[in-house]
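The values are calculated or read from the model by the stated rules, or taken from the named source; none is laboratory data. Model, not experiment: these values are computed from the prediction. Positions of Cβ are backbone-derived with ideal geometry, glycine not excepted, and every protein chain shown enters the neighbour counts. The accessibility values were calculated without ligands, DNA or RNA, using every heavy atom of the protein model including side chains. Shrake-Rupley method; radii C 1.70, N 1.55, O 1.52, S 1.80 Å.
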Amino acid sequence: MIPSPTKIVVIHDTLKDNDPLIIELIEEHGKNNVTLIEHSEEGLQYVLKNRTQKMIVILDLDLHVDELQGIDVFRAIRKETSLVYIIIWTAKDVNSLSKDNLVELVNNDFLSLEHSTTDYGKVLPLVTKAQHQLEVRVDTILEEWISTLSVEERAKPFIMNTDGEYTLDQIIKSIRLGETLGRNIERNILKLAVSLLTKQKIRFND
């Protein structure tokens with residue numbers, strides 16, 4: 001199966017389609033995989049609606065006063081999924097961010113914070129890095145598979161141990177929260193993959 005492409009969503013209220021960053025992203029990743037959204041609420045809903053896809057969000061923090069602010073968009077995305085990689089690219093002075101907001105960003109896995117007055121070229125390698133990390137994460141691979149299943153299949157117990165029964169959705173959540181169950185499952189999946197590699201020839205890119 002050919003891996004699905006990574007979607008890149010830029011939520012920014014001053015960028016235009018002809019800005020160098022957008023042009024470079026389209027050249028590198030394809031027009032169909034790059035979406036520029038001016039209004040933050042619209043951008044948030046787009047991300048949440050498509051959150052089962054591999055996705056990188058380039059997010060402006062300092063939006064117009066009548067818009068949902070970047071930190072609120074970040075918070076709402078993280079409430080629903082940690083699958084999305086988020087790059088903060090903003091004109092806001094980092095020193096002007098509150099301590100609580102900085103702690104929230106760090107604790108909820110934003111990928112990077114870049115000042116938008118610096119060379120936009122710094123953002124491009126971050127997107128490439130995020131794309132690679134998305135391709136190799138255990139929870140990403142699991143969620144891609146789970147997203148093809150019916151609601152009924154996802155609700156059935158998939159793993160049973162002495163502590164109880166767990167559905168696929170519960171397993172994904174446990175992995176992302178870093179719980180003991182999730183860590184053990186993730187470790188066992190990786191061990192199984194290594195075991196398969198050492199026991200038989202595997203054809204890649206099937």
R0 of 25 Å, Cβ-Cβ distance R51-E179: FRET efficiency to nearest 0.05: 0.75
Exceeding the 32 Å Cα-Cα cut-off - candidates K79/K122; K54/K199; K16/K54; K31/K156: K31/K156
Rounded to the nearest 10 Å², the accessible area of K31 at probe 1.4 Å: 150 Å²
Amide hydrogen neighbours beyond the local backbone of K7, cut-off 5 Å, H modeled: K54, M55, I56
Karplus-derived 3J(HN,Hα), 6.51/-1.76/1.60, for each residue of the range 66-82, Hz, glycine and proline x: 8, 9, 4, 6, x, 5, 6, 5, 4, 4, 5, 5, 5, 5, 9, 7, 10
Area accessible to solvent at D19, 1.4 Å probe radius, in Å²: 40 Å²
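Summing Lys, Arg as +1 and Asp, Glu as -1, what charge do residues with Cβ under 10 Å from the Cβ of L25 carry, L25 excluded?
Working: positive: K31; negative: D19, E24, E27, E28.
The answer is -3.
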Rounded to the nearest 20 debye, dipole of the range 1-57 from Cβ charges on Lys, Arg, Asp, Glu: 400 debye
Rounded to the nearest 10 Å², the accessible area of T35 at probe 1.4 Å: 40 Å²
Solvent exposure ordering (accessible area, 1.4 Å, most first) of W89, W145: W145, W89
